[in-house]
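Peer 1: The structure is given below, and queries will be raised subsequently.
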Amino acid sequence: MGFATDAIHSGQEPDPATGAIIVPIYQTSTFVQEELGKHRGFEYARTANPTRSALERNLAALERGKYGFAFASGMAAINALLTLFKSGDHVVAGHNLYGGTVRLFERVLKDFGLTFSYANTTRLEDVERAVRPNTRLLFIETPSNPVMEITDIAAAAELAHRHKLLLAVDNTFMSPYLQHPLELGADIVVHSTTKYLNGHSDGVGGAVILNDPALAERLRFLQNAAGAVLGPMDSWLVLRGVKTLAVRMRQHNENGMTIAQFLAKHPKVKNVHYPGLPDHPQRQLAKRQMAGFGGMLSFETGSLENAKTILKSVRLCSLAESLGGVETLISHPASMSHASVAAADRERGGITDGLLRISVGIEDVEDLISDLEQALAKI
Ligand code: P1T
């Protein structure tokens, strides 16, 4: 089936009990058993809940994977993934990850004996240099948050497998509509479903999708054992959001490109990070491995003062954390999404005090341009 068909139907068969076309919100903690050991596949809702199971099947289908697991947030999903590893194991990660991911690695998981090195994953020779005998995982974001660096997933998978590492890709910025890391050789995909998959800024969630049965069995055990599962209501909101993922992403692509081109031509803007622009250093790679350039971009205003002026002046674009919803959000990575990254590491990754990030929504793009035009006029 095609992607849009899968988004609407995969895992979302009519309810067997009633014929309801929409998967019900099974708001229950437990399931009555007919006799000892005899039940209909559900015992206790931390272990499995039919609404969550529907979402897990749906997300697995969209990522072209076999197994999906839904968690209470993107961070819970990444945390669960990292608990596949043991004290003493080493992880090589991209140098330009979401700040919360770096915080989890550096300020939580390090205390449990995992070690982390960071490399510019756009340069695979740097990644290779960071690999140690005890490295088990290569963890990347592509495009990276917020400077939109692109890593070659197929080449990263080849490198990872040559060193017997697993490759995990955070596919949050693209959504499965625009990028299929598992088909490019990655072993594991993670998502913050809070973003494009939900798409309506009304729920926090996360997911892990993979193909290997042994890893899936271990992750199913960990999901139940640690218990950071996505609740039925939030699972349902993602299921509902995903039905329109294909049409939303097409509009995010179109609006993203239009806003990027507008900013790139604007005399007050120093630099725009968007993989669809001709001067993006990995544009050819982006064209090859992505089905569109998406709705995320960042741009350099030149100073903290300029950034503040724009954030104070926008009327339609909302100043807020997060991304991937139908409404346009603008944010200041250095003090918001990436505040937990050390200042020197931020600078190295291009997250200056003058950098602003836009999650371009699907409003009428002329309205977004007028809003940005009047805000830029104030600096
Ligand atoms: O917020 P949560 O659902 O826990 O997801 C964390 C996360 C994971 N991966 C990526 C690439 C992300 O961007 C995020 C969350 N990001 C933001 C809140 C933000 O404003 O960038």
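The values are calculated or read from the model by the stated rules, or taken from the named source; none is laboratory data. Everything numeric here is computed off the predicted structure, so don't read it as measured data. Don't worry about glycine lacking a Cβ; one is built from the backbone with ideal geometry, like all the others, and counts go over all protein chains shown.
Peer 1: So which residues in region 305-333 are touching a Lys or Arg at 6+ places or on another chain (Cβ under 6 Å) and more than 12 Å from the ligand (Cβ to nearest atom), if there are any at all? Even if it seems obvious, please write down each step before you answer.
Peer 2: If we filter region 305-333 for residues that are touching a Lys or Arg at 6+ places or on another chain (Cβ under 6 Å), which is where we start, we get 309, 313, 323-324, 331, 333.
Within region 305-333, T309, S313 qualify.
Peer 1: Select from region 201-233 the residues that are free of Cβ contacts under 8 Å to residues at least 40 places away in the same chain and out of contact with any helix residue (DSSP H, G or I) (no Cβ under 8 Å at 6 or more places or on another chain) and list them in ascending order.
Peer 2: Keep residues of region 201-233 that are free of Cβ contacts under 8 Å to residues at least 40 places away in the same chain, which gives 202-203, 212, 214, 217, 221, 225.
Within region 201-233, D212, A214, E217, F221, A225 meet the criteria.
Peer 1: Tell me which of these F85 doesn't satisfy, since it passes every other one: (1) within 16 Å of the chain's Cα centre (by Cα); (2) hydrophobic (A, V, I, L, M, F, W, C); (3) more than 27 Å from Y196 (Cβ to Cβ).
Peer 2: Going through the list (1) within 16 Å of the chain's Cα centre (by Cα); (2) hydrophobic (A, V, I, L, M, F, W, C); (3) more than 27 Å from Y196 (Cβ to Cβ), F85 breaks only (1).
Peer 1: Kindly check whether there is at least one residue in region 161-173 that is surrounded by 24 or more Cβ atoms within 10 Å (Cβ to Cβ), part of a loop (DSSP other than H, G, I, E, B), more than 11 Å from the ligand (Cβ to nearest atom) and assigned by TED's automatic domain parsing to the domain that holds P50.
Peer 2: Within region 161-173, none of the residues are surrounded by 24 or more Cβ atoms within 10 Å (Cβ to Cβ), part of a loop (DSSP other than H, G, I, E, B), more than 11 Å from the ligand (Cβ to nearest atom) and assigned by TED's automatic domain parsing to the domain that holds P50.
Peer 1: Looking at region 58-103, which of its residues are near the ligand (Cβ under 9 Å from one of its atoms) and either part of a helix (DSSP H, G or I) or among the hydroxyl-bearing types (S, T, Y) (or both)?
Peer 2: Once the filter is applied, which keeps residues that are near the ligand (Cβ under 9 Å from one of its atoms) and either part of a helix (DSSP H, G or I) or among the hydroxyl-bearing types (S, T, Y) (or both), region 58-103 yields S73, G74, M75, A76, A77, I78, Y98, G99, G100, T101.
Peer 1: Can you tell which of L219, L182 is away from the ligand (no atom under 16 Å from the Cβ), farther than 22 Å from E327 by Cβ, outside any helix (DSSP H, G or I) and in contact with a strand residue (DSSP E or B) (Cβ under 7 Å, 6 or more places away or on another chain)? Write out each step before concluding.
Peer 2: Values: L219 fails: outside any helix (DSSP H, G or I).
Result: L182 is the single residue among L219, L182 that is away from the ligand (no atom under 16 Å from the Cβ), farther than 22 Å from E327 by Cβ, outside any helix (DSSP H, G or I) and in contact with a strand residue (DSSP E or B) (Cβ under 7 Å, 6 or more places away or on another chain).
Peer 1: Is it fair to say N306 is part of a helix (DSSP H, G or I) and under 24 Å from the mean Cα position of the chain (by Cα)?
Peer 2: It is false that N306 is part of a helix (DSSP H, G or I) and under 24 Å from the mean Cα position of the chain (by Cα).
Peer 1: Looking at (1) outside any helix (DSSP H, G or I); (2) within 19 Å of the chain's Cα centre (by Cα); (3) over 21 Å from G227 (Cα atoms), find the lone condition where Q33 falls short.
Peer 2: The one condition Q33 does not meet is (2).
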